[in-house]
Amino acid sequence: MPAETEVSVLNPLMKKALEKIAFLLFGFLVDRWRWEVFAGNIKPEDYNKRALCMFAGHEGPLNTCSIFGSEAAGARLDAMMRMGLSEPWPVAYRLVTGFPEMDAGAILYYFEPLSVWLKAENVRRGYTCGW
């Protein structure tokens, strides 16, 4: 296959893989989290916990958190990384966070400043979003 043709085939495939394949695990986790919320197993007060920022002593909006220089957060992360592939990811996750379940709700919390801006911008422009 000529180089130009190869690039024209591979670039769209890579783009699609990054869009779709990477989303599969995220989609699964979001669905699992949602069902746990509906079942009452995850309480609203637990929606936005993020462990490394907590161990770093961060206070304030999650998107301003940095664990740089935090020995406590670094030790947790180091312990997880040392596990490599010797344990399944839920074991590594529990080691870092201390929690047995993964919570995707923190993504909303992290991007909250952007969400607030987008909502205000939609109102300003007279857009109606939703069903």
Log entry, pairs with first residue in the range 65-82 being over 10 Å from L52 (Cβ atoms), second being at pLDDT 90 or above, beta carbons closer than 6 Å, six or more apart or on different chains, reads none
Checking E112 against (1) more than 28 Å from L24 (Cβ to Cβ); (2) among the charged types (D, E, K, R); (3) touching a residue at least 24 places away in the same chain (Cβ under 8 Å), only one condition comes out false. Which one?
(1)
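The values are calculated or read from the model by the stated rules, or taken from the named source; none is laboratory data. Since this is a predicted model, take the numbers as computed values, not measurements. As a convention, Cβ positions derive from the backbone with ideal geometry for all residues, glycine included, and neighbour counts pool all protein chains shown.
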